[in-house]
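Below is one structure, written out as structure tokens; comments come after it.
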Amino acid sequence: MSVLRTDSSPALRSVIVGTGSSLPEQVVTNAALTGRVDTSDEWIVQRTGIRQRHIAAADETTSVLGTRAARAALADAGLGAQDIDLVICATSTPDHTFPATATQIQAALGIHQGAAFDLQAVCAGFVFAVSTADKFLTTGAARRALVIGAETFSRIVDWEDRTTCVLFGDGAGAVVLEARDDADGRGVLCASLRSDGRHREKLYVDGGPGSTGTTGRLRMEGREVFRFAVGQVTDVIADVFAQAGVTAADLDWFVPHQANRRIIEASADKLGIARDKIVLTVDRHGNTSAASIPLALDVARRDGRLRAGDLVMIEAIGGGFSWGAALIRW
Ligand code: ACO
């Protein structure tokens, strides 16, 4: 890709011009899980806020869900395959070790130009992917990007482990980002990304192509993840507030990774973000990892909450640990 921007170019901003999402048809309620592991609807709702999740059918792979979400986002933007020159898919559950799921989505959509690649930052993947796409767009290296979060965590959870299997669901969400000349202050304003690999053992998958040669299963120390999630995420949020020169009071919407209602509300309280500014979908979707934020964005945009000009914060933390936040003027 060539860099088109010159020093005399006006500042470019990455503006979200379309959103889309896709959920598997099969809905699994908490009650249905009680037949599988020793749990209860009451325990799951009280500890996590989750009431149901969508689970993919055998032929619904991550690329299938991602393609549906991307197609919906393109339609929403009024754009076609010829308009996209960058595809980034944030996922920890690729269809195959390679090729990248993003290239499969690219092919399914009939996009034959530009670059496509996967990005792996687990639950923080979508925030990392938006920030990455923003760098391509604001340097002129690409004009329009499809940024997708797509997951089938049902394929990597241990369905015998009640401490984890009740938490996750499948789904995909996508946004189209377009490079525009300083579009009325709209677009991605700033982002802050962090990782600290010393926490690997607290949330990981116990297999992989380079170690066991198997896919492996998700393992988590739930309490430790909870503690870190509420305690640590403040640094990236404070950083984006400082970069943009705004405070929690200026936010219109807080769209966090949907892991757990208690984590989300504790984080919002700590940051002084009013609870009625939180977009919450964890009750219906469960934790869909990298897909949860674009899914929530699509829900809030289509039900009329998200409007042009709104100040939106996306924020996530996940395995690694990796965490990040971004501020977007919608
Ligand atoms: N049903 C019933 N009982 C259960 C279940 C279940 N599904 N799971 C655990 N329990 C039991 C435990 O065995 C334990 O029993 P014991 O006291 O007899 O030993 C009891 O419930 C309490 O277990 P804790 O783990 O202490 O429960 P806690 O209040 O910490 O809640 C939870 C567990 C919900 C996992 C919480 O720690 C949490 O939300 N952690 C964050 C997890 C998370 O969000 N991870 C994803 C973020 S990163 C990413 O998205 C990939």
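Within segment 262-284, restricting attention to residues that are in contact with a strand residue (DSSP E or B) (Cβ under 6 Å, 6 or more places away or on another chain) and either among the acidic types (Asp, Glu) or open to solvent by less than 10 Å² (accessible area, probe 1.4 Å) (or both), the residue that is farthest from the ligand (Cβ to nearest atom) is 273.
Let me confirm something: among 231, 185, which residue is modelled with pLDDT under 95, over 19 Å from the mean Cα position of the chain (by Cα), within 16 Å of the ligand (Cβ to nearest atom) and of a type outside the set (Ser, Thr, Tyr)? Working first, answer last.
Values: 185 fails: within 16 Å of the ligand (Cβ to nearest atom).
Going through 231, 185 in turn, just one is modelled with pLDDT under 95, over 19 Å from the mean Cα position of the chain (by Cα), within 16 Å of the ligand (Cβ to nearest atom) and of a type outside the set (Ser, Thr, Tyr): 231.
Identify, please: which residue in segment 304-319 is farther than 15 Å from residue 19 by Cβ and in contact with a Phe, Trp or Tyr (Cβ under 9 Å, 6 or more places away or on another chain) and is, among those, surrounded by the fewest Cβ atoms within 10 Å (Cβ to Cβ)?
The first filter runs over segment 304-319 and keeps only residues farther than 15 Å from residue 19 by Cβ, leaving 309, 311, 313, 315-319.
Adding the requirement that they be in contact with a Phe, Trp or Tyr (Cβ under 9 Å, 6 or more places away or on another chain) leaves 309, 311, 313, 315-317, 319.
Values: 309: 10, 311: 18, 313: 25, 315: 27, 316: 31, 317: 29, 319: 23.
The residue in question is 309.
Here residue 240 fulfils each of the conditions (1) over 20 Å from the mean Cα position of the chain (by Cα); (2) more than 16 Å from the ligand (Cβ to nearest atom) apart from (1). Restricting attention to segment 298-319, the residues being under 19 Å from residue 62 (Cα atoms) and more than 16 Å from the ligand (Cβ to nearest atom) number 1. Residues in segment 109-120 that are in a loop (DSSP other than H, G, I, E, B) and more than 16 Å from residue 173 (Cα to Cα): 110, 111, 112, 113, 114.
Find the residue count for segment 33-49, including only residues that are touching a Leu at 6+ places or on another chain (Cβ under 8 Å) and more than 9 Å from the ligand (Cβ to nearest atom). Even if it seems obvious, please write down each step before you answer.
Residues of segment 33-49 that are touching a Leu at 6+ places or on another chain (Cβ under 8 Å), as a first pass: 39, 44, 48-49.
Of the ones still in play, those that are also more than 9 Å from the ligand (Cβ to nearest atom) are 49.
Counting residues in segment 33-49 that are touching a Leu at 6+ places or on another chain (Cβ under 8 Å) and more than 9 Å from the ligand (Cβ to nearest atom) gives 1.
So in segment 122-172, with the set limited to residues that are among the aliphatic types (A, V, I, L, M), within 14 Å of the ligand (Cβ to nearest atom) and more than 10 Å from the chain's Cα centre (by Cα), which one is surrounded by the most Cβ atoms within 10 Å (Cβ to Cβ)?
Initial filter on segment 122-172 (among the aliphatic types (A, V, I, L, M)): 122, 124, 127, 129-130, 133, 137, 141-142, 145-148, 150, 156-157, 166-167, 172.
If we keep only those that are within 14 Å of the ligand (Cβ to nearest atom) as well, we get 122, 124, 127, 156-157, 166-167.
Among the residues that remain, those that are also more than 10 Å from the chain's Cα centre (by Cα) are: 156-157, 166-167.
Working: 156: 19, 157: 19, 166: 25, 167: 22.
By that ranking, first place goes to 166.
Within segment 57-69, does at least one residue satisfy the condition of being more than 22 Å from the chain's Cα centre (by Cα) and modelled with pLDDT under 95? No.
Residue selection: residue 207 fails the criterion of being in the same structural domain as residue 263 (by TED's automatic domain parsing), in contact (Cβ under 8 Å) with a residue 40 or more places away in the chain and outside any strand (DSSP E or B).
The values are calculated or read from the model by the stated rules, or taken from the named source; none is laboratory data. Predicted model only: the values in this text are computed from it and were never measured. No Cβ is skipped: glycine too gets one built from the backbone with ideal geometry, and neighbour counts run over all protein chains shown. Each accessible area value is taken on the protein alone, full model and side chains, heavy atoms only, with ligands, DNA and RNA left out. Shrake-Rupley method; radii C 1.70, N 1.55, O 1.52, S 1.80 Å.
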